[in-house]
1. Order these by the 10 Å Cβ neighbour count, fewest first: C:Phe353, C:Phe337.
2. Mean separation of Cα pairs under 8 Å and 6+ residues apart, divided by the residue count of the range A:1-97: what relative contact order is that in percent?
3. How much net charge surrounds A:Glu193 when only other residues with a Cβ under 12 Å from its Cβ are counted (Lys, Arg +1; Asp, Glu -1)?
4. What shape does chain C have by the C-alpha gyration tensor, where a ≥ b ≥ c are the square roots of the eigenvalues, rounded means a/c under 1.5, and otherwise prolate means a/b greater than b/c and oblate the rest?
5. What are the GluC sites (Glu not before Pro) within the range C:1-82 that DSSP puts in a loop, where the Cβ has at most 16 other Cβ atoms within 10 Å?
6. For chain C, what does the helix formula give at 222 nm: sum of -39500 (n - 2.57) over DSSP H segments with n ≥ 4, over the residue count, nearest 500 deg cm²/dmol?
7. Please report the relative contact order for chain C, taking Cα pairs under 8 Å with a sequence separation of at least 6, and give it as a percent rounded to a whole number.
8. Please give me the summed charge of the neighbours of C:His255: other residues whose Cβ is under 14 Å from its Cβ, Lys and Arg +1, Asp and Glu -1.
Amino acid sequence: MTSKSLMIKSYVHIRNNKIFRNGKEIFALESGLETDFLKQAYKKLKLNYPKFHKMDGLSKLGILATAVLIGEETVDPTTALVVSNSNSSLDTDLKHFESMKNIVSPAIFVYTLPNIVMGEISIKYKLQSENTFFISNDFNGHLLKDYSEILMNSARAAAVVSGWIDLKNEEYDVFLCLIDEKGNIPFSAEKLEQLYRFENE
Amino acid sequence: MSDLRTELKESIIEQLNLEEMEVDEIQNDEPLFGDGLGLDSIDALELIVLLEKDYGIKLNDPAQGKEIFASINKMAEYIEAHRTK
Amino acid sequence: MTKGIAVTGMGIVSALGLGIDKNLKALTAGKSGISNPTILKTRHSSLPVGEIELKDLELADRLKLPSNHSFTRGALLGSIAAKEALQQAGISKEDLIATGFISATSVGGMDYIEKYSNNFEKEETHRRFIRAQHPGFTTGQMATWLGLKGYTTTISTACSSSANAIMLGARMIRSGQLKRVVVGGTDPLSRFTLNGFKSLMILSSEACKPFDEHRSGLNLGEGAAYLVLEAEECLGEKKVLGRISGYGNANDAFHQTASSETGEGAFLAINRALKTAGLSPDSIDYINAHGTATQNNDLSEGRALRRIFGDSLPDMNSTKTYTGHTLAAAGALEAVFSLLSLQQQKIFPGLNFNDPMPETDITPVTTLKEKNLQHILSNSFGFGGNCTSLIFSNNGE
């Protein structure tokens with residue numbers, strides 16, 4: 001099994017009402033009539049994907065993040081998804097608990113699994129590739145690096161979208177990166193951790 | 001009569017998160033599923049919830065939904081005949 | 001073909017009972033564990049489920065936990081199953097320290113949140129379960145109790161979760177990142193899932209009928225199962241129960257919960273598993289299908305199977321008629337059942353089948369069948385389009 005040299009091609013952060021691509025701020029919540037950050041970002045970034053509005057918070061974050069990550073490029077159809085978070089689908093789980101008090105909403109229940117965000121991304125970009133979702137207390141660069149490496153070295157994936165999509169009590173923390181053989185930044189667990197912790201000034 | 005149809009359109013837009021739709025964009029005879037509004041199986045289940053919540057009609061067989069939700073007109077006719085609220 | 005990854009231990013708890021022996025006995029006798037819920041307090045008590053007829057107190061007693069423990073039902077079930085697997089594999093205390101743990105769950109500790117969340121303010125004693133809402137907490141508790149100190153992680157990909165855990169473990173051993181790993185999953189019954197699945201209208205009010213023309217939905221179940229996987233250099237004289245020779249995962253990319261009409265995700269996953277194993281379809285001797293008995297899954301899976309196997313479909317059935325659909329634990333439970341089939345050289349009878357679906361004309365095996373079994377395919381397809389297939393092979397292949 002040949003070891004490929006894996007590189008980070010691009011990365012995105014979504015935190016504190018802002019979206020960053022490769023470390024540069026590309027969107028910040030503006031004051032105005034529309035106060036919902038996700039809705040505003042959707043409009044500003046011209047996503048043009050009406051299914052977005054039916055999704056739960058976690059899936060909306062995932063769709064926004066991948067749209068920014070991938071931009072106008074074509075996605076290799078074997079691009080695998082290796083995503084993780086700490087709070088699973090807790091935000092939606094609590095909404096499901098609420099709806100259990102009256103008539104249960106199927107549309108809410110559908111999102112009570114964290115991997116649905118990967119399903120939504122796969123549907124949007126028509127990816128029939130490999131997907132895995134990990135739960136860990138904190139961002140774990142080693143875990144993501146190890147698994148992404150296995151997928152790319154075994155020729156199962158030409159690229160991997162890997163990272164962290166977390167949501168709790170309306171606080172979100174998203175960091176995704178696109179990994180392939182052609183990027184600029186060498187891919188390592190330490191680099192992932194460093195980029196994840198990136199603080200905007 | 002037409003109030004129920006408008007009411008249904010408003011409910012559907014809200015319940016199914018059809019953010020980019022306006023009430024006057026939905027035709028009374030337009031198919032709601034398939035090509036029309038492009039609703040899917042989860043939307044059909046949510047419409048079943050709507051029937052119960054707003055009109056007191058309980059559907060136990062999801063297959064019934066195909067006929068009842070064919071269009072706004074069909075929905076309104078069914079509700080008028082069976083509503084308990 | 002490269003040798004598969006060795007399985008040296010397995011453990012299971014399900015509606016068929018606690019432990020391998022009880023499960024094997026029921027499977028051989030064709031005796032289902034589906035019944036009405038008595039332990040889970042729910043208004044849907046007329047729904048058939050695969051419940052483990054033991055209260056949490058009794059499960060905790062078996063594990064000899066202190067009274068102030070904070071193990072939720074998922075952790076209790078998982079610990080019993082994982083302990084059995086480790087005992088069979090004979091992993092020493094020293095070796096446990098470097099043994100990895102990849103566990104899957106979808107409910108996590110959610111059943112305790114639904115039980116106690118109204119009381120957290122009033123009842124101090126129940127606050128210790130607040131942390132349990134975190135699925136990783138279940139895994140962490142189990143790892144600590146079992147003495148596993150190596151690489152630990154939780155996978156949550158719906159109904160393919162534990163199959164993915166097995167696949168990840170096998171891959172990490174193959175790539176040399178781990179020497180030993182315990183892989184599998186656990187999920188308890190909960191009102192959360194019962195009510196949720198009911199709203200999707202895919203629960204059957206009778207015992208489920210996989211691949212039957214008149215199937216009317218699934219029965220939920222609870223359970224836990226774990227395998228111990230070891231690298232070649234660790235085996236020594238140990239008995240190898242079977243090998244994981246192939247694995248494949250793919251996303252159906254069709255809908256959040258429904259599978260595509262052509263079973264694309266399933267088709268790709270099965271093909272990828274065959275490819276890793278270096279096997280052609282005609283090498284498969286038996287298929288343990290995902291077979292939840294929903295209109296959608298069985299049609300989609302049936303189509304995928306026909307696309308791959310054509311008219312030469314091997315013997316197949318779904319063991320969910322015995323245990324119900326145990327969600328995240330399903331892949332692991334069915335892995336154990338597949339390995340038992342390999343050991344016994346028997347296909348356990350499929351239950352509740354009368355008429356094949358006209359679209360695919362598939363007839364599951366419905367009687368206990370002795371057969372030369374070398375390679376078994378096991379499917380687990382989850383919401384979110386996550387499809388995983390595993391191939392288990394006899395040792396020495």
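1. Numbers: C:Phe353 22, C:Phe337 26.
Least to most surrounded, the residues fall as C:Phe353, C:Phe337.
2. Numbers: 58 pairs, mean separation 19.0, N = 97.
Value for the range A:1-97: 20 percent.
3. Working: positive: A:Lys145, A:Lys191, A:Arg197; negative: A:Asp138, A:Glu190.
In short, +1.
4. Numbers: a/c = 1.65, a/b = 1.14, b/c = 1.45.
Judged from the Cα gyration tensor, chain C comes out oblate (a/c at least 1.5, b/c at or above a/b).
5. Those that pass, being in a loop and sparsely packed, are C:Glu53.
6. Working: 12 runs with 128 residues, N = 397.
Theoretical 222 nm ellipticity from helices: -9500 deg cm²/dmol.
7. Values: 1046 pairs, mean separation 92.7, N = 397.
Reported relative contact order: 23 percent.
8. -2
Here, each number is a calculation from the coordinates, and none is a lab measurement. For clarity, every value in this text was computed on a predicted model and none was experimentally measured. FYI the Cβ positions are ideal-geometry reconstructions off the backbone, even for glycines, and counts take in every protein chain you see.
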